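Below: one structure, written as structure tokens.
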Amino acid sequence: MSNQVVVIEETFNAPVEKVWQALTDKDKMKQWYFNLDDFKAEKGFKFSFPGQGHKGEQYTHLCEVTIADPMEKLQYSWQYKDYEGYSTVTFELFDEGDKTRLKLTHEGLDSFPKHPDFAADSFRGGWTHLMTISLKDFLAKAN
């Protein structure tokens with residue numbers, strides 16, 4: 001199977017600085033993303049967080065920041081403890097004045113085990129919810 005990639009683009013009614021803060025400030029991230037103990041937008045910074053599958057399975061996400069270009073691009077690896085596979089999540093920010101276009105790309109999904117929780121459609125659904133509902137609502141309230 002070819003390399004499965006999830007790409008989601010969304011435009012937010014918020015300046016690029018606010019969107020960047022939402023993606024990189026752990027206190028803001030907790031309000032729309034995952035509950036991270038710590039996060040720094042610095043290359044080499046490692047973080048992990050718990051997650052849950054469709055049927056209640058518990059997964060530990062293991063991530064490491066690979067690119068951190070303020071206001072422009074954030075990328076980190078995305079793996080699971082005790083499971084094979086390596087993927088990357090990339091957030092690209094495009095300054096459109098008082099709006100920001102955000103492009104999320106999750107690559108390498110076909111490196112994960114063949115399991116419904118690791119299927120591209122599962123990631124697509126999760127990222128779509130986070131981008132079009134959670135983050136959008138957070139930024140609307142933050143303005």
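What number of residues within the stretch 94-143 satisfy the criterion of being in a strand (DSSP E or B), touching a strand residue (DSSP E or B) at 6+ places or on another chain (Cβ under 6 Å) and not polar (S, T, N, Q)?
8
With respect to Ala22, is the statement that it is more than 16 Å from the chain's Cα centre (by Cα), surrounded by 15 or more Cβ atoms within 10 Å (Cβ to Cβ) and either within 19 Å of Ala140 (Cβ to Cβ) or acidic (Asp, Glu) (or both) true?
No; evaluated as a whole, the condition is false for this residue.
Can you run down the residue pairs with Cβ atoms below 6 Å, 6 or more apart or on separate chains, where the first is in the stretch 94-111 and at pLDDT 95 or above and of a type in the set (S, T, N, Q) and the partner is exposed (fewer than 15 other Cβ atoms within 10 Å of the Cβ) and part of a strand (DSSP E or B)?
Correct list of pairs: Thr105/Val7.
Given the residues Lys55, Lys28, which is the only one that is of a type in the set (Lys, Arg) and modelled with pLDDT under 95? Reasoning before the result, please.
Values: Lys28 fails: modelled with pLDDT under 95.
That would be Lys55, the only listed residue that is of a type in the set (Lys, Arg) and modelled with pLDDT under 95.
Which ones in the stretch 84-107 are within 14 Å of the chain's Cα centre (by Cα) and within 15 Å of His61 (Cα to Cα)?
Ser87, Thr88, Val89, His106
Just wondering, is there one or more residues in the stretch 84-92 that are of a type in the set (S, T, N, Q), surrounded by fewer than 17 Cβ atoms within 10 Å (Cβ to Cβ), assigned to a strand (DSSP E or B) and touching a His at 6+ places or on another chain (Cβ under 9 Å)?
Yes, the stretch 84-92 contains at least one residue that is of a type in the set (S, T, N, Q), surrounded by fewer than 17 Cβ atoms within 10 Å (Cβ to Cβ), assigned to a strand (DSSP E or B) and touching a His at 6+ places or on another chain (Cβ under 9 Å).
Test Tyr76 against the stated conditions and say whether it is over 13 Å from the mean Cα position of the chain (by Cα), aromatic (Phe, Trp, Tyr) and crowded, with 17+ Cβ neighbours inside 10 Å.
Judged against the criteria, Tyr76 is not a match.
Among the listed residues Lys55, Lys30, Lys40, identify the single one that is in contact with a Leu (Cβ under 8 Å, 6 or more places away or on another chain) and not β-branched (Val, Ile, Thr).
One residue alone meets the criteria, Lys30.
If you scan the stretch 35-75, which residues turn out to be among the polar types (S, T, N, Q) and over 13 Å from Trp20 (Cα atoms)?
Asn35, Ser48, Gln52, Gln58, Thr60, Thr66
Does the stretch 5-19 hold any residues that are over 16 Å from the mean Cα position of the chain (by Cα) and either modelled with pLDDT under 95 or among the β-branched types (Val, Ile, Thr) (or both), and which are they?
The answer is Val16, and nothing else.
I'd like the residue in the stretch 32-66 that is hydrophobic (A, V, I, L, M, F, W, C) and closer than 16 Å to Tyr83 by Cα and, out of all such residues, is surrounded by the most Cβ atoms within 10 Å (Cβ to Cβ).
Once the filter is applied, the top-ranked residue is Cys63.
How many of the residues making up the stretch 32-73 are assigned to a loop (DSSP other than H, G, I, E, B) and within 23 Å of Ala119 (Cβ to Cβ)?
Matching residues across the stretch 32-73 total 7.
The values are calculated or read from the model by the stated rules, or taken from the named source; none is laboratory data. Treat the numbers as computed from the prediction; the structure is a model and nothing was measured. So basically every Cβ, Gly included, is an ideal-geometry build from the backbone, and we count neighbours across all protein chains shown.
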